[in-house]
Amino acid sequence: MPFIAKSAAPVAPAPAARHWTFDRAALGGLTSFVAPPGYLLSEGLFEALARQGRPVTWVRLGPEDHDPATFVRSLVAAVQRRRPGFGRDLAAAPAGPGPAGGADRSARLAAALATALPAPASLVVEHAHHLAGPSGAGGPAVALLGRLLDGLLDDDRACIVTSDRGLPAGALPARGAIIGPDDLRLGPGAATELLGREAPGLPPAAARRVAALCRGAAADLLAVCGAAAALG
């Protein structure tokens with residue numbers, strides 16, 4: 001299975017993608033962004049980490065990562081983009097707790113990850129809700145994420161988790177901030193300003209209607225701007 005698309009960081013940052021919560025997350029520690037699709041522009045998050053001088057390792061998860069062995073392979077592939085050869089002895093082995101020594105393997109993976117991502121590195125785990133499965137009930141993959149992050153927080157690193165919905169209670173280390181849709185939502189003035197800058201041909205009445213319908217979700221607003229530019 002190719003993993004390049006799952007470990008490629010966002011590109012083409014734009015002023016519209018910037019947000020103060022990204023700047024705060026880039027300062028360090030653990031930050032969890034929990035919001036429905038449309039509220040978080042990952043390009044702005046990547047740009048904030050770059051401005052802070054933090055090398056970024058990006059992991060973009062899918063439904064298949066509910067399986068802990070697949071999650072480990074996704075993570076290892078992402079780290080290998082910066083550290084070729086990382087984790088070859090761990091990538092094929094399940095890392096969840098169990099009688100086969102999975103707990104020991106997860107501990108070794110956590111230690112290896114901390115070594116491979118020295119401060120001031122950053123780790124972004126995007127779409128982490130997939131680790132909890134369709135029901136959101138959790139499981140060994142989401143528990144593994146918590147153990148790995150805990151091993152990174154003692155030094156000056158930025159660990160960022162994004163999720164469409166909340167993860168099970170206690171899944172992540174308690175020493176972190178949670179950013180929700182209310183924090184990410186653009187107010188009416190900011191939404192109108194964005195539309196005026198990105199879609200200057202949009203009539204004022206249409207811009208007000210768009211701002212109301214998008215409820216401050218920046219990605220949705222930019223999608224409308226793109227459609228207006230393409231279709232008139």
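Note down the net charge around Val56, summing +1 for each Lys or Arg and -1 for each Asp or Glu among other residues with Cβ under 15 Å from its Cβ. Could the numbers behind the result be given before it?
Details: positive: Lys6, Arg51, Arg54, Arg60, Arg81, Arg82, Arg83, Arg157; negative: Asp23, Glu43, Glu47, Glu126, Asp156.
Around Val56, the surrounding residues sum to +3.
Diffusion coefficient (Stokes-Einstein, Kirkwood radius over C-alpha pairs, 4 °C, 1.567 mPa s) for the range 146-232: 84 µm²/s, rounded to a whole number.
Kindly give Rg over Rh for the chain, based on alpha-carbon atoms, with the Kirkwood expression for the hydrodynamic radius. Numbers along the way, then the final one.
Details: Rg = 18.9 Å, Rh = 18.5 Å.
With Rg and the Kirkwood Rh in hand, the quotient comes to 1.02.
Calculated mean residue ellipticity at 222 nm for the chain: -12500 deg cm²/dmol, from DSSP H runs with n ≥ 4 weighted as -39500 (n - 2.57), summed, divided by the residue count and rounded to 500.
Rg/Rh for the range 12-62 to two decimals, with Rh computed the Kirkwood way over all alpha-carbon pairs. We get a ratio of 0.93 for the range 12-62.
Calculate, for the range 18-66, the solvent-accessible area per residue in square angstrom, rolling a 1.4 angstrom probe over the heavy atoms of the protein chains.
Numbers: 1880 Å² over 49 residues.
Each residue of the range 18-66 exposes 38 Å² on average to a 1.4 Å probe.
Roughly how tilted is helix 68-80, in degrees to the nearest 10 and between 0 and 90, from the longest Cα axis of the chain? With both axes taken from Cα atoms, the answer is about 70 degrees. The C-alpha atoms of the chain define a longest principal axis, and helix 204-214 lies at about 20 degrees to it.
Counting charges near Ala9 (Lys, Arg +1; Asp, Glu -1) among other residues having Cβ under 15 Å from its Cβ returns a value of +3.
Couplings for the range 22-28, taken from phi via the Karplus curve 6.51 cos²θ - 1.76 cosθ + 1.60 with θ = phi - 60°, read 5, 4, 5, 4, 5, 5, x Hz in order; Gly and Pro are left as x.
Leaving out ligands, DNA and RNA, what percent of the accessible area of the range 121-196 is carbon and sulfur, probe 1.4 Å?
Details: 1670 of 3020 Å².
Ligands and nucleic acids excluded, carbon and sulfur give 55 percent.
Once the chain from Ala50 to Ala212 is taken as fully extended at 0.36 nm per residue, the excess over their C-alpha distance is 55.1 nm. With both labels modelled 7 Å from their Cα along Cα-to-Cβ, the Ala230 to Arg88 distance reads 4.3 nm.
Nearest 10 degrees, 0 to 90: what angle lies between the long axis of helix 218-231 and the longest principal axis of the chain (Cα atoms)? Orientation of helix 218-231: about 50 degrees from the principal axis.
Can you give the FRET efficiency for Leu27 and Asp154, using 1/(1 + (r/R0)^6), R0 = 22 Å, r = Cβ-Cβ distance, to the nearest 0.05? Before the final figure, lay out the partial values.
Values: r = 16 Å, r/R0 = 0.73.
So the FRET efficiency works out to roughly 0.85.
The values are calculated or read from the model by the stated rules, or taken from the named source; none is laboratory data. These numbers were taken from a predicted model, which means no experiment stands behind them. Don't worry about glycine lacking a Cβ; one is built from the backbone with ideal geometry, like all the others, and counts go over all protein chains shown. Please note that ligands, DNA and RNA were not included when accessible areas were found on the heavy atoms of the full protein model with its side chains. Shrake-Rupley method; radii C 1.70, N 1.55, O 1.52, S 1.80 Å.
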